[in-house]
Amino acid sequence: MNTTVPEGVELAKAVVARSAEVPANVKLIVATPFPHLYPVCEVLKGSKVGLSAENCADKEKGAYTGEVSAAMLASVGCQYTILGHSERRQYYGETDAKLVDKVRLALDAGLDVILCVGENLEEREAGRHFEVCETQIKNVLFTLSAEDMKHIVVAYEPVWAIGTGKTATAEQAEEIHAFIRKTIAEKFGCEVAEDTTILYGGSCKPSNAKELFAQKDIDGGLIGGAALKADDFIGIALSF
């Protein structure tokens with residue numbers, strides 16, 4: 001919940017202006033608040049930068065005042081939506097059961113889904129991080145088909161390392177990313193697991209991106225605060 005619409009448009013323009021510097025094999029996506037989607041989509045036309053929403057409703061349509069459906073997102077030019085973000089789970093009580101419905105509706109609307117998983121500080125300190133991530137993946141992704149998985153990106157969020165002063169090492173991040181890939185392989189096979197993009201969502205910055213992205217199973221980043229400055233965002237993309 002950052003930037004007004006004019007500020008968001010200017011930020012998108014700044015990202016597009018520098019996007020040509022980013023290698024062709026690096027995919028750039030910006031995820032904006034709902035009011036920004038249409039004007040930002042206009043800015044991104046003809047560029048290599050994709051557009052994502054930050055959420056969508058768990059209902060197709062109807063009397064759900066204040067909600068935004070997956071079909072609405074697709075109609076304004078969205079290609080992706082983020083679902084299950086830690087803040088949605090923490091502040092708005094989003095459950096895996098609700099996410100099953102959201103993911104299905106998003107896929108049916110033609111959107112690719114960036115599904116967030118991850119453990120909080122209490123769960124990490126109790127040594128339950130593998131269990132928590134495995135449960136979230138199985139509860140949601142295991143309801144899908146291998147064909148559906150072509151349209152799924154997984155983002156690992158170490159909630160305990162976001163805004164707490166604690167940091168996840170590249171080795172800790174790699175360990176859980178490898179576990180996530182192994183869990184996906186158990187259901188869908190190694191080929192699907194290898195083809196699934198797994199992003200790191202724990203305070204990724206230009207200063208630590210290179211070390212993180214050098215890890216075998218970290219395919220990219222789900223960028224938070226650093227994405228509010230075009231130079232930092234592009235700096236992270238240039239770390240591959």
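The values are calculated or read from the model by the stated rules, or taken from the named source; none is laboratory data. The structure displayed is predicted, hence computed values, not measured ones. Don't worry about glycine lacking a Cβ; one is built from the backbone with ideal geometry, like all the others, and counts go over all protein chains shown.
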**OP:** Among what's in the range 159-184 and is charged (D, E, K, R) and part of a helix (DSSP H, G or I), pick the residue that is surrounded by the fewest Cβ atoms within 10 Å (Cβ to Cβ).
**Re:** Glu171
Original post:
Looking at (1) outside any helix (DSSP H, G or I); (2) touching a helix residue (DSSP H, G or I) at 6+ places or on another chain (Cβ under 7 Å); (3) under 30 Å from Gly163 (Cα atoms); (4) of a type outside the set (Asp, Glu), which is the only condition Gly110 fails?
Top reply: (3)
Original post:
Which one is surrounded by the fewest Cβ atoms within 10 Å (Cβ to Cβ), of the residues in the range 113-145 that are free of Cβ contacts under 8 Å to residues at least 24 places away in the same chain and of a type in the set (A, V, I, L, M)?
Top reply: Ala126
**OP:** Note down all Cβ pairs under 7 Å where the first residue falls in the range 58-73 and is closer than 26 Å to Val30 by Cβ and of a type outside the set (Lys, Arg), the second is surrounded by fewer than 14 Cβ atoms within 10 Å (Cβ to Cβ) and modelled with pLDDT under 95, and they're at least six residues apart or on different chains.
**Re:** none
Original post:
Across the range 9-60, which residue is farthest from Ile223 (Cα to Cα) among those that are out of contact with any helix residue (DSSP H, G or I) (no Cβ under 7 Å at 6 or more places or on another chain) and of a type in the set (Lys, Arg)?
Top reply: Lys59
Subject >> 3 or more residues among the β-branched types (Val, Ile, Thr), out of contact with any Asp or Glu (no Cβ under 6 Å at 6 or more places or on another chain) and farther than 18 Å from His151 by Cβ: qualifying helices (runs of 4 or more DSSP H) within the range 1-97 >> reply: 5-19
**OP:** Within the range 194-207, work out how many residues are assigned to a helix (DSSP H, G or I) and under 17 Å from the mean Cα position of the chain (by Cα).
**Re:** 1
Original post:
Of the numbered conditions (1) in contact with a helix residue (DSSP H, G or I) (Cβ under 6 Å, 6 or more places away or on another chain); (2) modelled with pLDDT under 95; (3) within 24 Å of Glu54 (Cβ to Cβ); (4) not hydroxyl-bearing (Ser, Thr, Tyr), Arg124 satisfies every one except a single condition; which is it?
Top reply: (3)
Subject >> All positions within the range 15-57 that are basic (Lys, Arg) and either without any contact (Cβ under 8 Å) to a residue 60 or more places away in the chain or surrounded by 15 or more Cβ atoms within 10 Å (Cβ to Cβ) (or both) >> reply: Arg18, Lys45, Lys48
